[in-house]
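What follows is a short report on a single structure.
The values are calculated or read from the model by the stated rules, or taken from the named source; none is laboratory data. Treat the numbers as computed from the prediction; the structure is a model and nothing was measured. When we count neighbours, we look across all protein chains shown, and the Cβ atoms used for this are built from the backbone with ideal geometry, even at glycine. With ligands, DNA and RNA removed, areas are computed over all heavy atoms of the protein, side chains included. Shrake-Rupley method; radii C 1.70, N 1.55, O 1.52, S 1.80 Å.
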Amino acid sequence: MPLYEYEVCDGGCKVCGGRFTLRRPLSAAHLSNCPACKKPVRRVWSTFNSPRTVSISDAKKAGFTVLKRVEKGEYEKQ
């Protein structure tokens with residue numbers, strides 16, 4: 001589930017500090033009010049977390065099957 005950051009539209013909140021992060025499923029509707037203080041909130045653009053680049057040897061050591069594309073629609077194990 002992705003993390004979403006929200007901030008209170010006007011003023012601050014003593015409970016959430018005016019900004020908070022929630023883990024919500026993609027299918028869930030966006031929040032319109034803070035769950036703590038019930039003030040209107042807006043979603044904030046935030047950074048994302050991406051895994052580090054994994055080398056082929058690291059992937060093999062981790063137990064993954066590494067495939068190499070031979071032709072269109074054809075792959076072989078490396």
Pair list, Cβ < 7 Å and 6+ apart or interchain, from the stretch 1-16 residues that are in contact (Cβ under 8 Å) with a residue 12 or more places away in the chain and β-branched (Val, Ile, Thr) to residues that are part of a loop (DSSP other than H, G, I, E, B) and open to solvent by less than 60 Å² (accessible area, probe 1.4 Å): Val8/Gly18; Val8/Cys34; Val15/Ala36; Val15/Cys37
For the stretch 40-56, the count of residues that are at pLDDT 85 or above and farther than 17 Å from Leu3 by Cα equals 1
Taking the stretch 10-26 and keeping residues open to solvent by 60 Å² or more (accessible area, probe 1.4 Å) and closer than 14 Å to Trp45 by Cα leaves Arg19, Thr21
Residues that are among the hydrophobic types (A, V, I, L, M, F, W, C) and under 12 Å from Ser32 (Cα atoms), drawn from the stretch 3-19: Val8, Cys9
In the stretch 12-19, is there at least one residue being among the basic types (Lys, Arg), in contact with a Phe, Trp or Tyr (Cβ under 8 Å, 6 or more places away or on another chain), modelled with pLDDT of 85 or more and more than 30 Å from Gln78 (Cβ to Cβ)? no
Looking across the stretch 29-74 at residues that are under 14 Å from the mean Cα position of the chain (by Cα) and open to solvent by less than 60 Å² (accessible area, probe 1.4 Å), the single one that is nearest to Val8 (Cα to Cα) is Val44
